[in-house]
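Please read the structure below before turning to the comments.
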Amino acid sequence: MAFLAAGFAGFAVGSLTGAPEQASAEESSAAPSPSSPSSAQVTAPSSPAPLPLPADDSYVAALEDPLQDGSETLAEGQSGRSETNLANSDVEILNWVETDDSVFFITIDDGLVASPAVRDLIERYRIPVTAFLTEYAVRNDTDYYETVTAYGGSVQNHTMVHGALNDPATDVEWEICETQDRFEEQFGYRPWMLRPPYGAGPDDPDVLKYAEQCGINRIVLWNVVVTDDNQVEYWDPPIRAGDIVLLHWVDGLEVGLEKILELGRAQGLTPAALEDYI
Ligand SMILES: [Zn+2]
């Protein structure tokens, strides 16, 4: 996969050659796939291997013209798309945001536990949360996920049943595009970000093809993880401006969320809506 330098301000896009199998911190709470688990699900390490650091020029890259015939055009009304996003609809992969603002980004995955304590915390501090939800896990929790993404965040695509998108047995089109259709029905808008389960296959040609065809233009990974037992794993500590933090909707999430907010505060950072930056 070829990458080009991105000349625009506002965000950086990771050059991810070789990264998919390494960026697998999600396994700690990953939902089992009813299709066929890949080796990546079984053997992936519990902490992410480093992708190129933000200071590296190679870190700022964009996919070379991924647009293809038959693609879906992202609608301006697709909820929360920023001016930056509207100005650049090419499909891009990122795991960190280049910004001069003193902000970081909270992303929370899957959707297995809809905890009132977490909802209360998000409402109390009005935390912008980008929720990458797995469709099967959230069918009965529409109100909850609308509430927790009401402070500048949004519900985004984390596939139907959490299949590894680089597994040949996974129906990539169904995992991506069916989720788009169902979330549009369930939440009233079509996602425009995808987080591949386990971080697997973000630059797989089929992933890029179906993402673009079904209205997604940002494939979002991460560079800080709060594990399910609330340990913080960095690729380059401490937490810095533009970092994308991954957590999961699990029991005890409120503890990890408070912890990362405090670590951000200690660095002079506040959580901002990823939606405003990409
Ligand atoms: Zn996940």
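The values are calculated or read from the model by the stated rules, or taken from the named source; none is laboratory data. Everything quoted here is computed from the prediction, not taken from an experiment. Neighbour counts run over all protein chains shown; Cβ positions are idealised from the backbone, glycine included.
Close contacts from the range 179-196, counting a first residue that is within 8 Å of Gln156 (Cβ to Cβ) and a second that is surrounded by fewer than 16 Cβ atoms within 10 Å (Cβ to Cβ) and of a type in the set (Val, Ile, Thr), with Cβ to Cβ under 8 Å and a gap of 6+ residues or different chains, come to none at all. Of the residues in the range 162-177, not one is buried (at least 20 other Cβ atoms within 10 Å of the Cβ), β-branched (Val, Ile, Thr), more than 15 Å from the chain's Cα centre (by Cα) and within 28 Å of Gln267 (Cβ to Cβ). Screening Val225 with (1) in contact (Cβ under 8 Å) with a residue 40 or more places away in the chain; (2) more than 14 Å from the chain's Cα centre (by Cα) gives one miss only, at (2). Is it the case that some residue within the range 107-116 is part of a helix (DSSP H, G or I), more than 15 Å from the ligand (Cβ to nearest atom) and among the aliphatic types (A, V, I, L, M)? No, the range 107-116 has no match at all. On the stretch given as the range 251-278, residues that are part of a loop (DSSP other than H, G, I, E, B) and surrounded by fewer than 20 Cβ atoms within 10 Å (Cβ to Cβ) total 4. Residues that are over 25 Å from Glu254 (Cβ atoms) and modelled with pLDDT of 95 or more are absent from the range 126-139 altogether. Here the range 135-151 is the region considered, the condition is being in contact with a helix residue (DSSP H, G or I) (Cβ under 7 Å, 6 or more places away or on another chain) and part of a helix (DSSP H, G or I), and the residue that is surrounded by the most Cβ atoms within 10 Å (Cβ to Cβ) is Val148.
Would you confirm, using the coordinates I've provided, whether Thr84 is closer than 26 Å to Leu208 by Cα, among the hydroxyl-bearing types (Ser, Thr, Tyr), away from the ligand (no atom under 16 Å from the Cβ) and at pLDDT below 95? Yes; evaluated as a whole, the condition is true for this residue. For the range 127-140, state whether one or more residues are within 16 Å of the ligand (Cβ to nearest atom) and at positive phi. Among the residues of the range 127-140, not one is within 16 Å of the ligand (Cβ to nearest atom) and at positive phi, which makes the answer no.
How many residues does the range 152-185 hold that are more than 15 Å from the ligand (Cβ to nearest atom), out of contact with any helix residue (DSSP H, G or I) (no Cβ under 7 Å at 6 or more places or on another chain) and part of a loop (DSSP other than H, G, I, E, B)? Counting residues in the range 152-185 that are more than 15 Å from the ligand (Cβ to nearest atom), out of contact with any helix residue (DSSP H, G or I) (no Cβ under 7 Å at 6 or more places or on another chain) and part of a loop (DSSP other than H, G, I, E, B) gives 3.
Take Ala211 and decide whether it is more than 15 Å from Thr159 (Cα to Cα), among the small types (Gly, Ala, Ser) and away from the ligand (no atom under 16 Å from the Cβ). Answer is no for this residue.
Can you report the number of residues in the range 191-206 which are part of a loop (DSSP other than H, G, I, E, B) and within 14 Å of the ligand (Cβ to nearest atom)? Spell out how you get there, then give the answer.
Step one: filter the range 191-206 for residues part of a loop (DSSP other than H, G, I, E, B), giving 191-192, 195-196, 200-204.
Among the residues that remain, those that are also within 14 Å of the ligand (Cβ to nearest atom) are: 195-196, 200-202.
Selection size over the range 191-206: 5.
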